[in-house]
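Student: I have a structure I would like to understand better, so I am pasting it below and will then ask my questions one at a time.
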Amino acid sequence: MFGILFAIFIVMFIGVAVSIGIGFWRTAQLSGKIFRGVEQALDQQLNEQRASGAAAQKLKCQHCGSTVVQAAKCPSCGADMG
Ligand SMILES: [Zn+2]
């Protein structure tokens, strides 16, 4: 009698342990997905900020009209960009 109860207890314990383990695993997977999503969103924001910053730093040469990026002198005509 005691042996049967003990066996049932062990089976229940294993079942609970497995379900808790699966729950933890799913939570970890879900949080990993959320973390990755947040990371990607932050990366995208950073890239957009960098892109807008690069666009803001683009200058137009007053002499030849060509676009100059972060240069003291125009690479096309050599005019000083100030
Ligand atoms: Zn120029």
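Student: For the charge dipole of the chain, defined by +1 on Lys and Arg C-beta atoms and -1 on Asp and Glu C-beta atoms about the Cα centroid, which residue among ASN47, VAL18, CYS64 has the Cα displaced farthest towards the positive pole?
Tutor: The listed residue farthest towards the positive side: CYS64.
Student: For LYS73, enumerate residues with amide H under 5 Å from its amide H, sequence gap 5+ or separate chain, H modeled in the peptide plane.
Tutor: The answer is MET81.
Student: Please give the length that would be gained between ILE14 and ALA79 if that part of the chain were fully extended, namely 0.36 nm times their separation in residues minus their C-alpha to C-alpha distance (nm, one decimal). Let's see the in-between values first.
Tutor: Values: separation 65, 0.36 × 65 = 23.40 nm, distance 7.84 nm.
Gain in length upon complete extension: 15.6 nm.
Student: Placing unit charges on C-beta atoms (Lys and Arg positive, Asp and Glu negative, everything else neutral), compute the dipole magnitude of the chain about its Cα centre in debye, rounded to 20. Working shown, then result.
Tutor: Values: 7 positive and 4 negative charges, 25 e Å.
Using only the charged Cβ atoms, the result is roughly 120 debye.
Student: Something else about it: Amide H to amide H under 5 Å from VAL68: which residues, 5+ apart in sequence or cross-chain, H placed 1.01 Å off N in plane?
Tutor: LEU59, LYS60, CYS61
Student: Counting only protein heavy atoms and a 1.4 Å probe, tell me what percentage of the chain's accessible area is made up of carbon and sulfur.
Tutor: Numbers: 4650 of 7120 Å².
Within the chain, the accessible surface is 65 percent carbon and sulfur.
Student: Another question, if that's okay. Using per-residue counts of other Cβ atoms within 10 Å, averaged over each peptide, order 30-41, 67-78 from highest down.
Tutor: On the way: 30-41: 10.0, 67-78: 12.3.
The most tightly packed comes first, giving 67-78, 30-41.
Student: Between GLY3, ALA28, GLY78, whose Cα lies farthest towards the positive end of the dipole of the chain when Lys and Arg beta carbons carry +1 and Asp and Glu beta carbons carry -1, centred on the Cα centre?
Tutor: The one lying farthest along the dipole's positive direction is GLY78.
Student: So, one more: State, as an integer percentage, the relative contact order of the chain based on alpha-carbon contacts under 8 Å between residues 6 or more apart. Mind showing how you got there, number by number?
Tutor: Numbers: 37 pairs, mean separation 10.0, N = 82.
Normalised by residue count, the contact order of the chain is 12 percent.
Student: Put a dot 7 Å past each Cα toward the Cβ at ASN47 and ALA7; how far apart are the dots in nm?
Tutor: 5.9 nm
Student: If you average 1/r across every pair of different Cα atoms in the stretch 1-48 and take the reciprocal, what Kirkwood value do you get, in Å? Please list the in-between numbers first.
Tutor: Numbers: mean 1/r = 0.0733 Å⁻¹.
After inverting the pairwise mean of 1/r, the radius is 13.6 Å.
Student: For the chain, treating each Cα as an identical point scatterer without solvent, what Debye log10 I(q)/I(0) comes out at q = 0.12 1/Å?
Tutor: -0.65
The values are calculated or read from the model by the stated rules, or taken from the named source; none is laboratory data. Fair warning: this is a prediction, and the values are worked out from it, not measured in the lab. Neighbour counts are summed over all protein chains in view; Cβ atoms, including those assigned to glycine, are modelled from backbone coordinates with ideal geometry. To get the accessible areas, we keep the full protein, side chains included, count just its heavy atoms, and leave off ligands, DNA and RNA. Shrake-Rupley method; radii C 1.70, N 1.55, O 1.52, S 1.80 Å.
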